[in-house]
Amino acid sequence: MAAALETRNLVKRFGGIVATDNVTFRLEQGARHALIGPNGAGKTTFINLLTGVLAPTSGQIFLDGVDATQMRPESRVHRGLARTFQINQLFPAMTPLETIGLAVSERMGGGRDWWRVTGSRREIVDEIVEIAQRFRLTDALDERTSNLAYGKQRLLEIAVAFACRPRVLLLDEPAAGVPEAERHELLATVAALPRDVSVLLIEHDMDLVFSFADRISVLVNGAIFTEGTVEEVSTDPRVRAVYLGESVDE
Amino acid sequence: MPADPIAKTAVPPSTADFVRRSLVRKGRWGVAEIGFWAVAAATLFLLPERHLILNEIAIIGLFALSLDLILGYAGIVSLGHAAFFGFGAYMAGILAKHGFADPLLGLVVSALAAALLGFVTSFLVLRGTDLTKLMVTLGVALVLGEIANQASWVTGGADGLQGISMGPVLGLFEFDIFGTTAYAYSLTVTFLLFIVARRIVVSPFGLSLRSIRDNPLRARAVGIPVNRRLVAVYTLAAAYAGVAGALLAQTTQFVSLDVLAFHRSADIMLVLVIGGAGYLYGGLLGAIGFKVLQDILSAWTPQYWQFWIGLILVVLVLVGRERLTDKAKALRPRSRGRLAGQAKVLPTTTAGEV
Amino acid sequence: MLTILFDGIAYGMLLFVLACGLAVTLGLMNFVNLAHGAFAMAGGYVTAVLMNRYGMPFLATLPLAFIVPAFVGLALERTLYKQLYARSHLDQVLFSIGLVFMAVAAVDYAMGSQQQLIQLPGWLQGRVEVLGIQVGLYRSFIIAICGVLVVVLQLILSKTRFGSRLRAAVDDPRVARGLGINVGLIFATTFAVGSGLAGLGGALGAEILGLDPTFPLKFMIYFLIVVTVGGTTTITGPFLASLILGIADVAGKYYVPSLGAFIIYTLMIVVLILRPQGLFARAR
């Protein structure tokens, strides 16, 4: 079976700097995979390559077995690749209802619809409701996003990506900055993501990584340093040296 | 949906209802809106001696509405929107001068021509910062102004385009010197185009525009083809501005270089800012405010009313535009009152919203 | 031919002095100040009033044409502009257009809408022939003054402590504050000097560019072209852009009077599309 997401010999150079160094990586169908690495390891560049914000210097990217290397970012979204952002990227002046509705109707090709009122289609409404419930946003649907509590904004951040009905979901530090009191709610929703969505989690927080992922890849200096099960990676002394040792200082 | 141990409440079955109503509500017309247009229609009969100025207001309102589409909904800062206004005006004027005197034909042709110009130039405003957009839009208007100035064999140059004579609207209503037909015509066109615009901004397309304005990065990440949407709305807005220009040319039966001048672009921005951007009525209310102000101020200090307009702009910005216009936005049925009614259905914190 | 080149250079130099303040506020401080031309106009009117009403000699008015706009600029910066640094470009545009409207109307009210004429001293009038080229004395004078200013500005920005502090303050105001740099003071000083230079340019240019209440609107686009086309990472960029614009404008008006402005605007659009960061800026 083709991997949900795969890269082969992916390279990105900025001038003389190699930000992504020959990365060959497989995200299996339905995986819960974590990508970790110290600051400056090239995690952000890697995501930007996957989503198409940056074009690779060489190498290939496959989505469900289809070569996506040359695809535009929005085409990749339509093909089932969605991401969240480490720093909230929401629409401050819109409500969560509109935000989710936007993503849902856009996916259904509604963005080309100039005439019908958003929400006049039954299937859009139903899906908004389902997503709002899944991400516990029903009680905040009609508030301005900028007025939401931070934890709710974080949930919305994931909800928007989820509304694109991805087969591959890239979660970029979903719990970053969420206060302890709201953390549990967020982690529970992440854990409850349906299994038919393959998830790549980029994370600093080791508790979250260990509780969520079945596999871990470690990125160091733009290259895959090692990869394995949670067991293997967490006990690997070299990983401790390059990564876990440093993370204590943070 | 897996069982959810920490949910605060079970979700009431009416959530779907709430979602639908909340979305559809924006498409509905509020009482204040209907009132607004009723009053506008009533002025046709109640203020016969003011039809000339009312005609101008309707045209400026439509022009500002078109700027609102790109500035308020798509976030493109333009200092050259007069390019489309002027282009439409010249188009309509030239057509009429060469024997195609039917006003509606002129409107359609001007709209199409301006849309084409908008489509072509839209690719220039996709890149760059606010400042480059500002300069490029300004540059396009200046170039057009220069062309109109030089091509005097077709535009009349600095003397203006004279000798326009319009046929009757729909073959029935002749333009009269009191501006009654003109006003009725402009108001109707503005109203019809307003209805279309209002429909568009609450459509998924309109929603995607707002998302681009708010956060283009995320809009892309949701799969929205940002550039294509911007091209589309820029083209649409250009067509609207072209129609406004054509209305001016047809109802005044004169076009001068003034329609492309910088102050047109600046004034229309001011009109929109007075009324508030991003809710469609801003342009119309702003047009009324602008004209009334102009009337009062120029009666008071005939030559120097620009000073007061400038002062108003400065104060408006310093005080904060949003604070003033948020109040006016209550005109649209996004008002808190209705929300409060809904709030009982859901465990919501809407009350805390400021 | 060479005379045109010479006139173009003089014109370009003048544009640079007029616009360099804007290059700093807009380029470095990222503030879209469309009202920059109003300060230039202020300088021009200071000179015109002092000469025509009080009979002061031309040269003696120049320092005042710098000082008065500089103080006006300082006052406005401290009271109004500084509140808007963090605001959206749209707000800045609206605010500064408002200021332009006010300035235009106020000057119109106080001085009338006619052109202000100034009588240059005799030793600056006329032309001499140098190496077979007809050279205007006044334009030589302008080139000399502006040339000195360019060199001095470049030295101040690159060699002095003030220059390095300004660059630090612009790069990252928070870090600069952390280093004990008084960012507010630096910005205010820069703004004042920029306004003063514009005023000086307005005074020097009254004879060449003309001076009436619509001056800020008429030349706004030229200043903006200088800054956006020149790019804002150095002052050499705007300087070269000024020279090109000056020469192109003078030559255009001479050779193809009907197309001159058209060509300039079109070129500006093309440059901005191809090089949004400016013609002479390295891509960042």
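Based solely on its DSSP helices, what 222 nm [θ] is calculated for chain B when runs of n ≥ 4 H residues each add -39,500 (n - 2.57) and the sum is averaged over all residues, nearest 500 deg cm²/dmol? Please list the in-between numbers first.
On the way: 16 runs with 240 residues, N = 354.
The helix contribution divided over chain B gives -22000 deg cm²/dmol.
Relative contact order of the range B:112-169: 14 percent, from C-alpha pairs under 8 Å at least 6 residues apart in sequence. When shorter helices are ignored and each DSSP H run of at least 4 residues is given -39500 (n - 2.57), the per-residue value for chain A at 222 nm works out to -9500 deg cm²/dmol. Peptide packing: for B:65-74, A:28-37, the average count of neighbouring Cβ atoms within 10 Å per residue gives the ranking B:65-74, A:28-37, highest mean first. Our helix-only sum for chain C, with -39,500 (n - 2.57) per DSSP H run of n ≥ 4 divided by its residues, gives a mean residue ellipticity at 222 nm of -24500 deg cm²/dmol.
For a protection proxy built on the mean count of beta-carbon atoms within 10 angstrom, sort C:48-58, C:243-253, C:33-43 highest first, please. Don't jump to the answer; show the numbers that get you there.
Details: C:48-58: 14.5, C:243-253: 19.6, C:33-43: 29.7.
For the peptides C:48-58, C:243-253, C:33-43, the packing ranking is C:33-43, C:243-253, C:48-58.
Computed about its Cα centre, the charge dipole of the protein assembly as shown is approximately 160 debye, with only Lys, Arg, Asp and Glu carrying charge at their Cβ. So if I take the alpha carbon set of the range B:45-119, get Rg, then get Rh from the Kirkwood formula, what is the Rg over Rh ratio? My calculation puts Rg/Rh at 1.04.
How long are the semi-axes of the equivalent ellipsoid of the range B:39-190, defined as square roots of 5 times the Cα gyration tensor eigenvalues? Whole Å, largest first.
Working: eigenvalues 170, 86, 32 Å².
Gyration-tensor ellipsoid for the range B:39-190: 29, 21, 13 Å.
Separation of the alpha carbons by more than 28 angstrom is noted, of B:Lys133/C:Lys159; C:Lys218/C:Lys253; B:Lys26/C:Lys82; A:Lys43/B:Lys133, for B:Lys133/C:Lys159; B:Lys26/C:Lys82; A:Lys43/B:Lys133.
Overall shape of the range C:20-157 was characterised from the C-alpha gyration tensor. The equivalent ellipsoid obtained from it has semi-axes of 31, 21, 13 Å, in decreasing order. Highest mobility in the GNM of chain C, judged by mean-square fluctuation with C-alpha springs under 10 Å and restricted to C:Gly180, C:Gly112, C:Gly73, is found for C:Gly180. One quarter of the convex hull surface built on the alpha carbon atoms of the protein assembly as shown amounts to 42.0 nm², the projected area averaged over directions.
Going by a ≥ b ≥ c, the root eigenvalues of the Cα gyration tensor, does the range B:38-83 fall in the rounded group (a/c under 1.5), the prolate group (a/b larger than b/c) or the oblate group?
Numbers: a/c = 6.28, a/b = 2.41, b/c = 2.60.
It is oblate, given that a/c is not under 1.5 and a/b is not larger than b/c.
The separation of the range B:223-272 from the range A:23-40, counted between C-alpha centres, amounts to 50 Å. Here the range A:41-107 and the range B:41-83 have alpha carbon centers that stand 39 Å from each other.
Can you put C:Ile269, C:Ile145, B:Ile224 in order, fewest other beta carbons within 10 Å first? Spell out each step's value before the answer.
Numbers: C:Ile269 20, C:Ile145 17, B:Ile224 24.
In increasing order of surrounding Cβ atoms, one gets C:Ile145, C:Ile269, B:Ile224.
Spin-label model, A:Arg240 to A:Thr44: label points 7 Å out along the Cα-to-beta-carbon direction sit 3.1 nm apart.
Name the shape class, rounded, prolate or oblate, that the alpha-carbon gyration tensor gives for the range B:252-311, where a ≥ b ≥ c are the square roots of its eigenvalues, rounded holds for a/c under 1.5, and otherwise prolate holds if a/b is larger than b/c and oblate otherwise. Display every interim value, and only then the final one.
Values: a/c = 1.69, a/b = 1.09, b/c = 1.55.
It is oblate, given that a/c is not under 1.5 and a/b is not larger than b/c.
Counts of other chain beta carbons within 10 angstrom of each beta carbon in peptide C:218-224 average 2.
Overall, the ratio between the Cα radius of gyration of chain C and 2.2 N^0.38 Å, rounded to two decimals, is 0.99.
Using Cβ contacts closer than 10 Å as the measure, can you line up B:Val292, B:Val31 from fewest to most?
Working: B:Val292 12, B:Val31 9.
The most exposed by this proxy come first: B:Val31, B:Val292.
Measuring between their Cα centroids, the range C:52-101 and the range B:103-177 lie 35 Å from each other.
Using the alpha-carbon positions of the range B:81-141, Rg (one decimal) and Dmax (whole number) come out as 13.8, 44 Å.
Considering all C-alpha pairs of chain A, those separated by over 30 Å amount to 28%. In plain terms, the residue of C:Tyr222, B:Tyr234 with the fewest other Cβ atoms within 10 Å comes first and the most crowded comes last, giving C:Tyr222, B:Tyr234. For the listed peptides A:222-229, B:162-169, B:268-275, a ranking on the average number of other beta carbons within 10 Å per residue, highest first, reads B:268-275, A:222-229, B:162-169.
Normalised by the number of residues in the range C:162-284, what is the relative contact order in percent for Cα pairs under 8 Å and 6+ residues apart? If you can, show how the numbers build up before the last one.
Working: 78 pairs, mean separation 23.5, N = 123.
Across the range C:162-284, relative contact order equals 19 percent.
With the Kirkwood sum run over all distinct C-alpha pairs, chain B has a hydrodynamic radius of 21.7 Å.
Legend: mean number of C-beta atoms from other chains within 10 angstrom of residue C-beta atoms, peptide C:84-97, equals 6. Highest GNM mean-square fluctuation among C:Val271, C:Val128, C:Val72, for chain C modelled with Cα contacts below 10 Å: C:Val128. Quick one: Debye curve from the alpha-carbon atoms of the range C:1-51 only, equal weights, vacuum; give me log10 I(q)/I(0) at q = 0.16, 0.25, 0.28 Å⁻¹ to two decimals. These q points yield log10 I(q)/I(0) values of -0.62, -0.91, -0.97.
Within 10 Å of each Cβ in A:125-136, how many Cβ atoms from other chains are there, averaged over the peptide?
Working: counts 10, 3, 1, 6, 8, 3, 0, 5, 6, 3, 0, 5.
Average per residue, whole number: 4.
Between 0 and 90 degrees, the angle of helix C:236-255 with respect to the longest Cα principal axis of chain C falls at about 30 degrees.
Coordinate-derived values only; no laboratory data. What you are looking at is a predicted structure, and each value in this text was computed from that prediction instead of being measured. Cβ sites come from the backbone with ideal geometry, for glycine too, and all protein chains shown count toward neighbours.
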